[in-house]
1. Of (1) in contact with a Pro (Cβ under 6 Å, 6 or more places away or on another chain); (2) without any contact (Cβ under 8 Å) to a residue 12 or more places away in the chain, Glu66 satisfies all except one. Which?
2. Need the failing condition index for Thr31 against (1) under 21 Å from Cys108 (Cβ atoms); (2) of a type in the set (Val, Ile, Thr); (3) exposed (fewer than 12 other Cβ atoms within 10 Å of the Cβ), just the number.
3. In the stretch 1-28, what residues are outside any helix (DSSP H, G or I), surrounded by fewer than 16 Cβ atoms within 10 Å (Cβ to Cβ) and in contact (Cβ under 8 Å) with a residue 40 or more places away in the chain?
4. Provide a single number: the residues in the stretch 55-75 that are surrounded by fewer than 18 Cβ atoms within 10 Å (Cβ to Cβ) and either modelled with pLDDT of 95 or more or not acidic (Asp, Glu) (or both).
5. Within the stretch 76-101, which residues are buried (at least 16 other Cβ atoms within 10 Å of the Cβ), touching a helix residue (DSSP H, G or I) at 6+ places or on another chain (Cβ under 8 Å) and not small (Gly, Ala, Ser)?
6. Somewhere in the stretch 29-50, is a residue aromatic (Phe, Trp, Tyr), assigned to a loop (DSSP other than H, G, I, E, B), farther than 13 Å from Ala79 by Cβ and under 14 Å from the mean Cα position of the chain (by Cα)?
7. Give me the residue from the stretch 96-117 that is at pLDDT 85 or above and of a type in the set (D, E, K, R) and, out of that set, nearest to Glu18 (Cα to Cα).
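The values are calculated or read from the model by the stated rules, or taken from the named source; none is laboratory data. Keep in mind it's a predicted model, so treat the numbers as computed, not measured. Every residue, glycine among them, receives a Cβ derived from its backbone with ideal geometry; neighbour counts consider all protein chains shown.
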Amino acid sequence: MTPTRIYTDVLGPLREHETHAAAHVTGGGWTNLTRMGAHRYEISDPFDAQPVFEFVQQEGSVDDEEMHRTFNMGTGFVAALPATDAEAVVEESEDARIIGAVTDGEECVAVRDLELE
């Protein structure tokens, strides 16, 4: 087994920029983003899921929506920043990248074509 990666390389840059909120996408999956505030979180480019998630989905006959509601599907930590600050954090961090956007609207997490409430 490979140990979980810790997101320490991004903590310094997050402190240096206008970070509005952050959340681990663990136990409770993508719906944890709603803890960052009542907004719409549109995830258009999530990290790829590890093969274990495909195994769980196939062997357990679990649909896509439930997989994303329950598991992080490869993205373990998310932070919300203004666009220019997000770009700076990506430049200053080894593994960070922009995966989506926060918009006004009904509280919801949308991962690609799935709406998780």
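1. (1)
2. Failed condition: (3).
3. Result: Thr4, Arg5, Glu18, His20, Ala21, His24, Thr26.
4. 10
5. Phe77, Val78, Leu81, Val89, listed by residue number.
6. Taking every residue of the stretch 29-50 in turn, at least one turns out to be aromatic (Phe, Trp, Tyr), assigned to a loop (DSSP other than H, G, I, E, B), farther than 13 Å from Ala79 by Cβ and under 14 Å from the mean Cα position of the chain (by Cα).
7. Once the filter is applied, the top-ranked residue is Arg97.
Conditions tested, residue by residue: (1) more than 21 Å from Leu11 (Cα to Cα); (2) among the charged types (D, E, K, R).
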site	(1), (2)
Phe47	no, no
Glu54	yes, yes
Glu59	yes, yes
Val62	yes, no
Gly74	no, no
Pro82	no, no
Glu91	no, yes
